[in-house]
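First comes the structure, then the notes that go with it.
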Amino acid sequence: MTTPRFGVTLPLPGIPLRDHRRIVTGLADAGYSDVWTAEGGGIDAFTPLAVAAAWDPRVRLASAIVPVHTRGPAVLAQTAATLADLTFGGLVLGIGSSVPAHVTDLNGIPFDEPFRRTRDTLRFLTRALRGEVVSGAFDTFAICGFAIPNPPIETPKVILGALRPGMLKLGFTEGDGAVTNLLSPEDLIKVRAVVGPQPAGKELVVKVFVSPNADPDVARRDSRPFLTWILNQTPYHAFHEWLGNGERLAESHERWTAGDQRGAARALPDEVIDALFIHGTPEQCRDQIAAYVQPGVTAIQLYVRLTPSFLLGSWDTAGSAGSAGGGEQDLADRVLGLLSTLRPRIPTPAGVG
């Protein structure tokens with residue numbers, strides 16, 4: 001079984017992007033080779049990758065995901081080519097359909113034909129990033145003579161944010177793989193069955209949400225609003241119905257559909273929260289993260305929620321109260337210590353770090 005790469009989603013919640021330099025430069029020693037970003041209603045996906053490459057050009061840059069509706073295909077290609085020129089570690093451009101709440105509600109752009117738009121963008125990017133001149137009509141847009149004058153020396157990988165079989169198969173047949181998220185290790189087995197054996201170079205990335213908090217009630221309270229919202233977005237609700245989790249989510253979805261968001265949150269079972277946003281001491285979280293190290297998984301991307309006490313310096317890497325820290329350097333060192341503890345104790349792939 002191939003040892004997966006490990007990466008962390010930046011910026012970490014509660015820490016300004018400008019204060020991440022020491023964290024980025026210490027990632028390799030903590031066992032991490034990738035810097036990942038995401039894009040929804042908060043910070044954009046590309047700026048953190050650019051500064052990460054400036055701080056440490058060894059890191060692999062990766063997005064999971066950039067919505068295909070909110071930027072033109074050429075702008076996506078230009079941005080990817082620029083980022084690829086900043087790092088020696090390679091670039092993984094993760095694109096996807098996102099959800100209507102991000103595309104339409106926040107950007108005023110119709111969420112039209114998400115599968116076909118994603119497919120067309122993937123087809124355009126794979127050609128453009130190889131240096132081809134792209135002209136012609138796709139199903140959802142037309143391109144007239146686009147080319148990157150100096151294509152990246154190392155062609156970026158283009159992967160899809162994928163949940164169900166259609167998008168998973170598209171990512172592996174026409175792209176460089178897929179990134180999936182908000183699923184348990186047991187759910188991942190079903191996703192892997194759809195993907196099947198893949199040739200070397202394809203990526204199956206799993207995003208894992210982590211709350212290093214030894215108090216389960218607090219961890220669940222903090223995770224419940226996000227999980228209630230995302231699991232009741234149409235793509236994720238359909239994903240979990242396909243996974244066989246529909247019955248456990250039925251009451252929450254019924255209340256959400258009726259406009260009762262508080263009731264939907266109360267109806268979300270604790271066991272669902274525990275499975276999708278893992279929590280506990282860092283050591284307990286590490287053991288749960290290790291369950292995602294499965295055959296075919298090439299990278300594990302951690303989204304780590306830091307507690308207020310951790311950010312204030314009153315929480316040590318064992319998850320207990322400690323003396324208050326002092327300043328940016330102290331915070332970076334504590335973050336790196338935590339990340340090192342969270343990484344499962346498996347060998348680092350050759351040539352990484």
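The values are calculated or read from the model by the stated rules, or taken from the named source; none is laboratory data. Treat the numbers as computed from the prediction; the structure is a model and nothing was measured. When we count neighbours, we look across all protein chains shown, and the Cβ atoms used for this are built from the backbone with ideal geometry, even at glycine. For accessibility, only protein heavy atoms count, side chains too; no ligands or nucleic acids. Shrake-Rupley method; radii C 1.70, N 1.55, O 1.52, S 1.80 Å.
Worth a mention:
- Each residue in the stretch 121-130 was checked for being open to solvent by 30 Å² or more (accessible area, probe 1.4 Å) and either assigned to a loop (DSSP other than H, G, I, E, B) or touching a helix residue (DSSP H, G or I) at 6+ places or on another chain (Cβ under 6 Å) (or both), and 1 of them qualify.
- Filter result (of a type in the set (A, V, I, L, M, F, W, C), under 23 Å from R343 (Cβ atoms) and touching a residue at least 60 places away in the same chain (Cβ under 8 Å)) within the stretch 81-92: L91, V92
Table: residues versus (1) within 24 Å of S33 (Cα to Cα); (2) open to solvent by less than 10 Å² (accessible area, probe 1.4 Å); (3) not in a loop (DSSP other than H, G, I, E, B).
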{"residue": "P57", "(1), (2), (3)": "yes, no, no"}
{"residue": "H69", "(1), (2), (3)": "no, no, no"}
{"residue": "V75", "(1), (2), (3)": "no, no, yes"}
{"residue": "A80", "(1), (2), (3)": "yes, yes, yes"}
{"residue": "I95", "(1), (2), (3)": "yes, yes, yes"}
{"residue": "S98", "(1), (2), (3)": "no, no, no"}
{"residue": "A101", "(1), (2), (3)": "no, no, yes"}
{"residue": "I109", "(1), (2), (3)": "no, no, no"}
{"residue": "R119", "(1), (2), (3)": "no, no, yes"}
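- Among the residues of the stretch 1-30, those that are touching a Phe, Trp or Tyr at 6+ places or on another chain (Cβ under 6 Å) and either surrounded by fewer than 16 Cβ atoms within 10 Å (Cβ to Cβ) or not aliphatic (A, V, I, L, M) (or both) comprise F6, G7, T9, R21, T25.
- The set of residues in the stretch 149-180 that are in contact (Cβ under 8 Å) with a residue 40 or more places away in the chain, farther than 19 Å from A74 by Cα and either within 15 Å of the chain's Cα centre (by Cα) or open to solvent by 50 Å² or more (accessible area, probe 1.4 Å) (or both) comprises G161, A162, L163, R164, G177, V179.
- Residue count for the stretch 197-206, restricted to those that are modelled with pLDDT of 95 or more and open to solvent by 20 Å² or more (accessible area, probe 1.4 Å): 1
- Of the helices (runs of 4 or more DSSP H) lying entirely inside the stretch 238-353, those containing at least 2 residues that are open to solvent by 50 Å² or more (accessible area, probe 1.4 Å) and at pLDDT 95 or above are 246-257, 261-266, 270-276, 282-290.
- Any hit, the stretch 203-220, residues being β-branched (V, I, T), in a strand (DSSP E or B) and under 17 Å from L168 (Cα atoms): yes
- Scanning the stretch 19-33 for residues that are of a type in the set (G, A, S) and in a helix (DSSP H, G or I) yields G26, A28, A30.
Results for (1) closer than 19 Å to I289 by Cβ; (2) modelled with pLDDT of 95 or more, shown as yes or no for each residue.
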position	(1), (2)
P4	yes, yes
L12	yes, yes
I23	yes, yes
D34	yes, yes
E39	no, no
A54	no, yes
A62	yes, yes
V68	no, yes
P73	no, yes
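- Within the stretch 242-269, residues that are over 25 Å from V191 (Cβ atoms) have Cβ atoms under 8 Å from residues that are open to solvent by 60 Å² or more (accessible area, probe 1.4 Å) and among the small types (G, A, S) in no pair, counting only partners at least 6 apart in sequence or on another chain.
- Checked against (1) crowded, with 17+ Cβ neighbours inside 10 Å; (2) among the small types (G, A, S); (3) free of Cβ contacts under 8 Å to residues at least 24 places away in the same chain, G136 passes all but a single condition, namely (1).
- Residue in the stretch 169-191 that is in contact with a Pro (Cβ under 8 Å, 6 or more places away or on another chain), farther than 30 Å from V335 by Cα and part of a helix (DSSP H, G or I) present: no
- Residues of the stretch 34-55 that are in contact (Cβ under 8 Å) with a residue 12 or more places away in the chain, open to solvent by 10 Å² or more (accessible area, probe 1.4 Å) and not in a helix (DSSP H, G or I): A38, E39, G40, G41, I43.
- Residue-level analysis places P212 among those that are in contact with a Pro (Cβ under 8 Å, 6 or more places away or on another chain), closer than 27 Å to L12 by Cα and touching a residue at least 40 places away in the same chain (Cβ under 8 Å).
- All positions within the stretch 181-192 that are of a type in the set (V, I, T) and buried (at least 17 other Cβ atoms within 10 Å of the Cβ): V191
- Residue in the stretch 63-80 that is at positive phi and without any contact (Cβ under 8 Å) to a residue 12 or more places away in the chain present: no
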